[in-house]
Amino acid sequence: MKTDCLFCKIIAGELPCDQVYSDEHVIVFEDINPKAPVHLLIVPREHIISLNALEEKHDGLMGHIMRLLPKLAKEQGLDKGFRTIINTGSGGGQIVFHLHVHLLGGGGLGGTGF
Ligand code: 5GP
Ligand code: ZN
């Protein structure tokens with residue numbers, strides 16, 4: 001845990017969140033400022049700053065997250081599809097520097113997403 005990290009504090013239970021899923025590898029909760037009717041954040045329990053900090057030891061974790069995404073989408077009723085986003089670095093729009101995947105859906109997400 002990194003003591004000044006917002007998501008580490010949420011994982012540690014020091015800050016509240018609307019949690020929808022949890023296991024030994026990740027916690028999933030609702031984004032505080034949703035950009036779509038469903039907007040979840042899939043957050044590894046390990047403090048990894050961004051995709052740039054991934055190492056080979058994280059391959060299993062990342063595979064776990066990829067396979068979890070469609071299950072979460074199904075649970076949320078996103079039967080027409082969903083969007084996933086990973087912002088990396090300030091130039092990629094990352095605000096919270098603890099790796100996370102956005103899962104969005106439930107309304108009018110057409111086109112490329114840009
Ligand atoms: P980023 O731009 O880093 O990929 O996304 C960070 C996301 O975290 C944003 O969508 C923002 O709304 C969300 N967020 C920021 N602070 C909090 C918080 O305290 N609680 C929750 N649930 N989401 C947060
Ligand atoms: Zn963290």
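The values are calculated or read from the model by the stated rules, or taken from the named source; none is laboratory data. Predicted model, so just to flag it, every value in this text is computed and none were measured. Methodologically, a virtual Cβ is constructed for each residue, glycine included, from the backbone with ideal geometry; neighbour enumeration extends over all protein chains shown. Heads up: the accessible areas ignore ligands, DNA and RNA and are worked out on the full protein's heavy atoms, side chains in. Shrake-Rupley method; radii C 1.70, N 1.55, O 1.52, S 1.80 Å.
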Among the residues in segment 53-67, are any touching a Lys or Arg at 6+ places or on another chain (Cβ under 7 Å), open to solvent by 30 Å² or more (accessible area, probe 1.4 Å) and under 21 Å from Gly93 (Cα atoms)?
no
Tell me which residues, restricted to segment 75-97, are under 30 Å from Asp4 (Cβ atoms), out of contact with any Leu (no Cβ under 8 Å at 6 or more places or on another chain) and open to solvent by 50 Å² or more (accessible area, probe 1.4 Å).
Ser90, Gly91, Ile95, Phe97
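Among Asp18, Asp23, which is the only one that is acidic (Asp, Glu) and either within 11 Å of ligand 1 (Cβ to nearest atom) or open to solvent by 90 Å² or more (accessible area, probe 1.4 Å) (or both)?
Asp18 is the lone residue from the list that is acidic (Asp, Glu) and either within 11 Å of ligand 1 (Cβ to nearest atom) or open to solvent by 90 Å² or more (accessible area, probe 1.4 Å) (or both).
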Select from segment 10-53 the residues that are more than 15 Å from the chain's Cα centre (by Cα) and free of Cβ contacts under 8 Å to residues at least 12 places away in the same chain and list them in ascending order.
Ala12, Gly13, Glu14, Leu15, Pro16
Condition (residue is open to solvent by less than 40 Å² (accessible area, probe 1.4 Å), in a helix (DSSP H, G or I) and not aromatic (Phe, Trp, Tyr)) applied to segment 98-110: is it met by at least one residue?
no
